[in-house]
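First comes the structure, then the notes that go with it.
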Amino acid sequence: MKDLDTPFAALVQDDKALTTLYTDPGLFEAEMDKIFTKTWVWVAHESEIATPGSYKRARVGLEPVIVTRDRKKNIHVLLNRCRHRAATVCEVSKGKTNSFVCPYHGWAYGLDGSLRGVPYEESYAGKLERGKLGLKALRTETYNGLVFATFNDEIEPLEDFLAGAKKWIDLFMKQGAGYPVKANGEHKFSFPGNWKIQLENTTDAYHFPLVHKPFLKLTDVETEEQFDIMNKGGWVEDLGNGHSVMIMMPELVDLEENLDAPIPDKFADLAQALRDEGHEEQQVRRIIRAVGGSGFNVNLFPNLGCSAAFFRVLQPVSVTETEVRHIALAMDGGPEIANRERLRIHEFFQGPMGFGSPDDAEVWDRVQQGAQGGKELWLLLNRSTETEEPTAEGTVKGDVSSEIGMRAAYRQWKKLMEA
Amino acid sequence: MDMMTPVKDTALLDAMAFVWLEADRLDQREFDDWLGMWSADAKYIVPVEPGVTDFEAHLNYAYDDAVMRAKRVERMMGGDSVSASPLARTVRALSRFRLLSDDGVTIELRCMQTLTEYRRERMKSHVADVEFTLVREGAGLKIARKVVRLINADHTLSGISYIL
Ligand code: FES
Ligand SMILES: [Fe+2]
């Protein structure tokens, strides 16, 4: 790793950061090492590997991993790298299997990563220590269906790391309306920019009325009114450890409250269809209230957003390239008509052809382009610094368009980079 | 052309001419005419997963009925969308046509499409299999369904603020 020209303290201050944060390749390398291999990184939702033998590929930083569910239903996160001479043992994004067989010389590994088979083993004259040559396993812990992994054996337990964010994750999962939340397809898109540009955006309400004007114009009047988020009394809260939450629609914080509120016109047909299917009125209301998702975005440092109605997953590719996945969510075992409504809502805004995401991607691209100039200039992150207030829970919050979430993320960034 | 030739034998040519016209209208930005090429309950679909046929039950990039198609056009022309101003220039070629079926009313046609996009000093290309369901209405044809299966649909795409 190259020595960095500027110390981290000079790069990131309390309310501003230097432009080179987006453009310095040496810094990107350092981030992969000091952040992504040292902290908890989200790799899967449990529903993506629901049954024994199921697996999916993921990355922790740039390192390829496989998330598996073994026969005893335990979850493993394994480095996708053969212990013989490094080939990947899995090139399928998701599926079911009994084992992973390396395509180069045929070493075979179980779902728990243990080395099960070595062709022509006699050449090792009985000296091959199979027990020590399983796929490298990462420390893996879960919280409310979210699976995280880390290369760092010293790190605090996941629950301590999530700390103040746990309450918001629990609230987010209420959009299952009593059914378990299930991943239900995903949009993957990339933009030519640094990963932190996207990280910042998850708690950036400030851009919404401008960048998403086309969305606001094309959606129905109820949704347009709902998304008037600059004027709805929302706020952004620093949850500690780099995490934050942006409350856009305070009335949709707890989806199990206010079930007696009138059913929006846009969901009147769906509500009737649910009644026709025999659902009790109370359950109809619970589903209707949950179907559009939660009224907030939780930004978990460094790579997961529990964003209104979907998971937003960040994948750094290079200092100037980032992949973003928007994973749609469904009620597992819930009414199909409501899950289809969720898919259509997701398609309307998200993904490379949605009416929202391409405009986000475009402005992030523009940030990266602009950041090629003015390396000595600051990125200003000081919205609401003068008006922040403490919450009853001991956290600090700013108004809805506050940049407090970004300040929280960069504080954690600096802490990890300096460690 | 032999006047005795049954309708069916010209179906492939009729269908090809019709989807070429659709392609040209999209590239030339004749969107009002384009919107008029669809039957009332038609769908324009860009699926995510290869092989999916029950599109309604799966996540798509686009799953557009008439209202959504009109909105997509409005977004492109409205001038508010930063990713659609300027609108990408597109040039598309359709080839490898195959008539899959024709029952006298409905034609199923499959072809390939390669589309080149140019915007903000960058060229990109999108290659797809396209499945058309065309219906004979009055003297001509209408699109009842168009499914665009990008060959890299289940991988990472960049923003596409136009119609494939
Ligand atoms: S590299 Fe995997 S078996 Fe040789
Ligand atoms: Fe946005």
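For the stretch A:163-418, give the magnitude of the charge dipole about the Cα centre (Cβ charges: +1 Lys/Arg, -1 Asp/Glu; no others), in debye to the nearest 20.
Dipole size: approximately 780 debye.
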Flagged links, alpha-carbon separation over 20 Å, of A:Lys217/B:Lys43; A:Lys196/B:Lys71; A:Lys34/A:Lys73; A:Lys167/A:Lys397; A:Lys196/B:Lys124: A:Lys217/B:Lys43; A:Lys196/B:Lys71; A:Lys34/A:Lys73; A:Lys196/B:Lys124
Threshold 50 Å², the stretch A:344-360 residues less accessible with all protein chains present than alone (1.4 Å probe): A:Arg344, A:Glu347, A:Pro352, A:Met353, A:Phe355, A:Asp359
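Where in chain A lies the longest segment free of GluC sites (Glu not before Pro) that are both loop residues by DSSP (not H, G, I, E, B) and have at most 14 other Cβ atoms within 10 Å?
On the way: sites that count: A:Glu91, A:Glu129, A:Glu154, A:Glu256, A:Glu257, A:Glu277, A:Glu280, A:Glu376, A:Glu386, A:Glu393.
For GluC sites (Glu not before Pro) (loop position, at most 14 other Cβ atoms within 10 Å), the longest site-free span of chain A is A:155-255.
Considering every residue in A:211-218, what mean count of other chain Cβ atoms within 10 Å of its Cβ is obtained? Walk me through the intermediate numbers first.
Details: counts 4, 3, 5, 13, 3, 1, 6, 10.
Shielding by partners across A:211-218 averages 6.
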Here the stretch A:145-156 yields Karplus 3J(HN,Hα) values (6.51, -1.76, 1.60; θ = phi - 60°; whole Hz; Gly and Pro given as x) of x, 8, 9, 10, 9, 8, 7, 9, 6, 8, 5, 4
Calculate the length of the line joining the C-alpha centroid of the stretch A:179-252 to that of the stretch B:14-58, in whole Å. 31 Å
So, for the stretch A:1-119, what is the accessible surface per residue at a probe of 1.4 Å, expressed in square angstrom? 43 Å²
Students often forget the sequence filter, so: which lysines lie under 23 Å Cα-Cα from A:Lys72 once same-chain residues fewer than 8 apart are removed? A:Lys56, A:Lys94, A:Lys96, A:Lys132, A:Lys136, A:Lys182
To the nearest 10 degrees, the tilt of helix B:66-77 (Cα long axis) against the first principal axis of the alpha carbons of chain B is 50 degrees
Heavy-atom accessible area of the protein assembly as shown with neighbours in place, 1.4 angstrom probe: carbon+sulfur share in percent works out to 51 percent
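Pulled fully out, how much extra length does the chain show between A:Arg71 and A:Leu377, if you take 0.36 nm times their separation in residues and subtract their Cα-Cα distance? Could the numbers behind the result be given before it?
Numbers: separation 306, 0.36 × 306 = 110.16 nm, distance 5.47 nm.
So the chain would gain 104.7 nm between A:Arg71 and A:Leu377.
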Could you give the nm distance between label points at B:Val105 and B:Glu121, where each point is 7 Å from its Cα heading toward the beta carbon? 5.5 nm
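Given a Förster radius of 60 Å and the C-beta distance between A:Leu259 and A:His84 as r, what FRET efficiency does 1/(1 + (r/R0)^6) yield to the nearest 0.05?
Numbers: r = 58 Å, r/R0 = 0.97.
After rounding, the FRET efficiency stands at 0.55.
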Asserting the computed 222 nm helical MRE of the protein assembly as shown (DSSP H runs at least 4 long, -39500 (n - 2.57) per run, divided by residue count, to nearest 500) equals -7000 deg cm²/dmol
Determine the total buried accessible area between chain A and chain B, counting protein heavy atoms only with a 1.4 Å probe; round to the nearest 100 Å². 3000 Å²
Cleavage-rule hits, GluC sites (Glu not before Pro), the stretch B:78-157, DSSP coil, Cβ neighbours within 10 Å at most 10: B:Glu121
May I ask you to find the residues of the stretch B:144-164 that are shielded by at least 50 Å² of accessible area once the whole protein assembly is considered instead of their isolated chain (probe 1.4 Å)? B:Thr156
Go through the stretch B:43-51 residue by residue and turn each phi into a ³J(HN,Hα) via Karplus (6.51, -1.76, 1.60, θ = phi - 60°); whole Hz please, and just put x for glycine and proline. 10, 10, 10, 10, x, 8, 8, x, x
Plugging the Cβ-Cβ distance of A:Glu156 and B:His155 into 1/(1 + (r/R0)^6) at R0 = 30 Å yields, to the nearest 0.05, a FRET efficiency of 0.25
Spin-label model distance (nm) - B:Glu30 vs A:Thr391, 7 Å beyond Cα toward Cβ: 5.6 nm
Please compute the modelled spin-label separation between B:Asp41 and A:Gln272, points set 7 Å along Cα→Cβ, answer in nm with one decimal. 1.7 nm
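How high is the relative contact order of the stretch B:71-116, in percent, with contacts defined as C-alpha pairs under 8 Å that are six or more residues apart? Could you put the intermediate results ahead of the total?
Numbers: 47 pairs, mean separation 14.2, N = 46.
Dividing the mean separation by the residue count of the stretch B:71-116 yields 31 percent.
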Estimated vicinal HN-Hα couplings, Hz - the stretch A:382-387 in sequence order (Karplus 6.51, -1.76, 1.60; Gly, Pro = x): 9, 5, 6, 4, 7, 10
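The values are calculated or read from the model by the stated rules, or taken from the named source; none is laboratory data. Only a predicted model underlies this, so the values are computations on that prediction, with no experimental measurement involved. Using ideal geometry, Cβ is built from the backbone for each residue, glycine included, and neighbour counts are taken over all protein chains shown. Surface areas here come from the heavy atoms of the whole protein model, side chains and all, with no ligands, DNA or RNA. Shrake-Rupley method; radii C 1.70, N 1.55, O 1.52, S 1.80 Å.
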